[in-house]
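The values are calculated or read from the model by the stated rules, or taken from the named source; none is laboratory data. Note that the structure is predicted; figures quoted are calculated from it, not measured. What goes into the accessible areas is simple: the full protein's heavy atoms, side chains included, and nothing from ligands, DNA or RNA. Shrake-Rupley method; radii C 1.70, N 1.55, O 1.52, S 1.80 Å.
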Amino acid sequence: MPGFNDAHVHLGGAAADELAVPLTGVPSAEEMQKRVAAAVAFKHKEGEWITAADGTTRCGPKKRFPNRQQLDAVAPKNPVILTHISGHVAVANSLALQERGD
């Protein structure tokens, strides 16, 4: 329909977001950890990759990005990568880095 055309859509990204842990607007690192831990417990088998859309939102009173240690604490047996909504920043846990050879 004319007027409803989005000339800059990232269809593949939109589909990937549906499979990812929703982290948009998380208020704290603890809430981010809670959501990733829930994905580990209820949605992913050991060893399966866990991704998150907008996972590097700065949160908490100091507005810090999440870090590898916070992800390791809640997902030690799953590789995890949290990608910023821009696609230009990401944080991964130790297992994800190990599997990718970094």
Surface accessible to a 1.4 Å probe, Lys45 within the full protein complex, Å²: 150
Under Karplus coefficients 6.51, -1.76 and 1.60, residue-wise ³J(HN,Hα) of the range 23-35 in Hz, glycine/proline x: 10, 4, x, 4, x, 7, 5, 5, 5, 4, 4, 4, 6
Solvent-accessible area of Ile81 with every protein chain in place, 1.4 Å probe, in Å² to the nearest 10: 60
Arg64 accessible area, assembled protein chains, probe 1.4 Å, Å²: 150
Accessible-area order (highest first, 1.4 angstrom probe) of the listed residues Glu18, Glu99: Glu18, Glu99
